[in-house]
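A.B. asks: First the structure, then my questions, so here it is.
The values are calculated or read from the model by the stated rules, or taken from the named source; none is laboratory data. All figures in this text were calculated on a predicted structure; none of them were measured in a lab. Positions of Cβ are backbone-derived with ideal geometry, glycine not excepted, and every protein chain shown enters the neighbour counts. Accessible surface is based on the protein model in full, side chains and every heavy atom, while ligands, DNA and RNA are left aside. Shrake-Rupley method; radii C 1.70, N 1.55, O 1.52, S 1.80 Å.
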Amino acid sequence: MIKFTSVTKRYSEPELALKDVSFHLKEGQFSFMAGHSGSGKSTVLKLAHMAEHPTLGNVYVNGFSSRRTAQRDVWRLRRQVGFIFQDFRLLPNRTVLENIAFVLEVINTPRKEIGRRAEMLLTQVGIETKSSRMIEDLSGGEQQQVAIGRALASNPVLLLADEPTGNLDADSTKKIMDLFWSINHSGTTILMATHDLNLIQDHPEARLLELKRGELIKDSEPKMGY
Ligand SMILES: Nc1ncnc2c1ncn2[C@@H]1O[C@H](COP(=O)(O)OP(=O)(O)OP(=O)(O)O)[C@@H](O)[C@H]1O
Ligand SMILES: [Mg+2]
């Protein structure tokens, strides 16, 4: 599903954000991408979303290769890959339902199906009773539920989540993690960046990839041939 082969990433600075990173996340896996601030977690996720390109090496995501995917074709990949942010990034001044309906329109869902599909997504993430609430009037955890519903709108095969629980308290974090596991059990591959060691300890069933200053220093899964 995601394969990094000897990926090095250099931004404008001379220091490398990633150094020779290789890993293979298989279909259906749930993995944490751990590491201190600045270790390169978000860079890995941006490369997997092809928002950035490797300086050296190659990134493969669900059949797309960073070498062969032109910028104008990236949207095809994005339809198959949901992205979840720490700060939710929902449309303000809009209701929960409008936020979901908006993305369903963007991906060309037939107009008469939008209502039913939005209802299904909101039920899946457990926020259906608040569909007419304004985004501003939701708690952080509820906003993240909506953001996850939005990310699921295109039936992605992969979810990339960048510190999705970073702004949430313990109860909301648990709810969001339960939601991620249920999404994973329905077949969606998940790669989640976090620096929260407690969270990682609470989920030993997840794979653990750990970065330190741009190098992959730990992989809880035995290394496979590439
Ligand atoms: N657009 C950019 N231009 C220049 N340098 C960047 C850019 N984005 C990230 N970096 C640098 O790359 C390194 C890795 O950053 P990255 O955001 O991937 O780390 P992170 O592990 O996600 O950190 P955090 O936990 O703080 O979110 C850092 O040194 C950062 O300053
Ligand atoms: Mg980050």
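A.B. asks: Out of all the residues in the range 17-24, is one or more in contact with a Phe, Trp or Tyr (Cβ under 9 Å, 6 or more places away or on another chain), open to solvent by 10 Å² or more (accessible area, probe 1.4 Å), at pLDDT 95 or above and among the acidic types (Asp, Glu)?
C.D. replies: Of the residues in the range 17-24, the ones in contact with a Phe, Trp or Tyr (Cβ under 9 Å, 6 or more places away or on another chain) are 17-18, 21-24.
Still in the running and open to solvent by 10 Å² or more (accessible area, probe 1.4 Å): 17, 22, 24.
Okay, now just the ones that are also at pLDDT 95 or above, so 17, 22, 24.
Next, only the ones that are among the acidic types (Asp, Glu) stay: none.
No, that holds for no residue.
A.B. asks: Then there's this: Here's a check for you: in the range 101-146, which residue that is of a type in the set (S, T, N, Q) and crowded, with 17+ Cβ neighbours inside 10 Å is nearest to His185 (Cα to Cα)?
C.D. replies: Initial filter on the range 101-146 (of a type in the set (S, T, N, Q)): 108-109, 123-124, 129, 131-132, 139, 143-145.
Filter once more, so that each one left must be crowded, with 17+ Cβ neighbours inside 10 Å: 109, 124, 131, 143-145.
Working: Thr109: 25, Gln124: 13, Ser131: 25, Gln143: 22, Gln144: 19, Gln145: 17 Å.
So, considering only residues that are of a type in the set (S, T, N, Q) and crowded, with 17+ Cβ neighbours inside 10 Å, the one nearest to His185 (Cα to Cα) is Gln124.
A.B. asks: Count, please, the residues in the range 40-60 that happen to be near ligand 1 (Cβ under 9 Å from one of its atoms) and farther than 14 Å from Arg10 by Cβ.
C.D. replies: So the first thing to find is which residues in the range 40-60 are near ligand 1 (Cβ under 9 Å from one of its atoms), and the list is 40-46, 52.
Subset that is farther than 14 Å from Arg10 by Cβ: 41-42, 44-45.
Matching residues across the range 40-60 total 4.
A.B. asks: Count, please, the residues in the range 58-88 that happen to be assigned to a strand (DSSP E or B) and either surrounded by 14 or more Cβ atoms within 10 Å (Cβ to Cβ) or within 16 Å of the chain's Cα centre (by Cα) (or both).
C.D. replies: Here is the first cut: in the range 58-88, the ones assigned to a strand (DSSP E or B) are 58-61, 64-65, 81-84.
Now restrict to residues that are either surrounded by 14 or more Cβ atoms within 10 Å (Cβ to Cβ) or within 16 Å of the chain's Cα centre (by Cα) (or both): 58-61, 64, 81-84.
Counting residues in the range 58-88 that are assigned to a strand (DSSP E or B) and either surrounded by 14 or more Cβ atoms within 10 Å (Cβ to Cβ) or within 16 Å of the chain's Cα centre (by Cα) (or both) gives 9.
A.B. asks: Which condition number does Gly57 fail, the rest of (1) farther than 24 Å from Phe180 by Cα; (2) in contact with a helix residue (DSSP H, G or I) (Cβ under 7 Å, 6 or more places away or on another chain); (3) among the small types (Gly, Ala, Ser) being met?
C.D. replies: Going through (1) farther than 24 Å from Phe180 by Cα; (2) in contact with a helix residue (DSSP H, G or I) (Cβ under 7 Å, 6 or more places away or on another chain); (3) among the small types (Gly, Ala, Ser) one by one, Gly57 breaks only (2).
A.B. asks: A further question follows. Only one residue in Thr129, Thr109 is part of a loop (DSSP other than H, G, I, E, B) and over 21 Å from the mean Cα position of the chain (by Cα), so which one is that? Give the derivation first.
C.D. replies: Details: Thr129 fails: part of a loop (DSSP other than H, G, I, E, B).
When all the criteria are applied, what remains is Thr109.
A.B. asks: Using the structure shown, decide if Ile148 is at pLDDT 95 or above and not in a helix (DSSP H, G or I). Step through it out loud before you land on a result.
C.D. replies: Details: at pLDDT 95 or above: yes; not in a helix (DSSP H, G or I): no.
In short, no.
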